[in-house]
Amino acid sequence: VAMDSPIFLTFADLVQVGSGFIHVTPVGEPTLRISAQEFPSVHVNGSVLTIDLACRTRTCALLSGGVNASSAGLCSARPKQRCSGKVHQLALDFGALRFASMAWP
């Protein structure tokens with residue numbers, strides 16, 4: 001996967017962005033902490049969470065208001081050689097997402 005590729009997480013139920021953080025960590029490197037509220041780089045459409053740090057998706061590009069995203073994508077704020085080609089771990093804080101249906105426990 002290219003460094004500027006978005007990450008798509010698909011859930012069984014409809015979800016909404018919450019107030020926590022998303023942590024992206026290349027194995028053996030420092031964690032990149034992203035607010036779940038960092039719209040449009042982080043957005044939800046139904047049951048799909050999109051993390052698009054390079055703003056490559058149509059949704060991000062249309063809603064960014066001309067804000068320039070980093071072409072480094074997942075390697076934002078770190079040298080390419082310390083990120084490229086590594087396995088990345090993704091973790092969501094409690095509260096970063098919530099179910100869209102309030103009837104769900």
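The values are calculated or read from the model by the stated rules, or taken from the named source; none is laboratory data. Bear in mind the structure is a predicted one, so any value in this text is a computation, not a measurement. Surface areas here come from the heavy atoms of the whole protein model, side chains and all, with no ligands, DNA or RNA. Shrake-Rupley method; radii C 1.70, N 1.55, O 1.52, S 1.80 Å.
Observations on the model:
- Quotient of Cα Rg and 2.2 N^0.38 Å for the range 1-63, N being how many residues it contains: 1.11
- Solvent exposure of the range 24-68 as accessible area per residue, Å², 1.4 Å probe: 53
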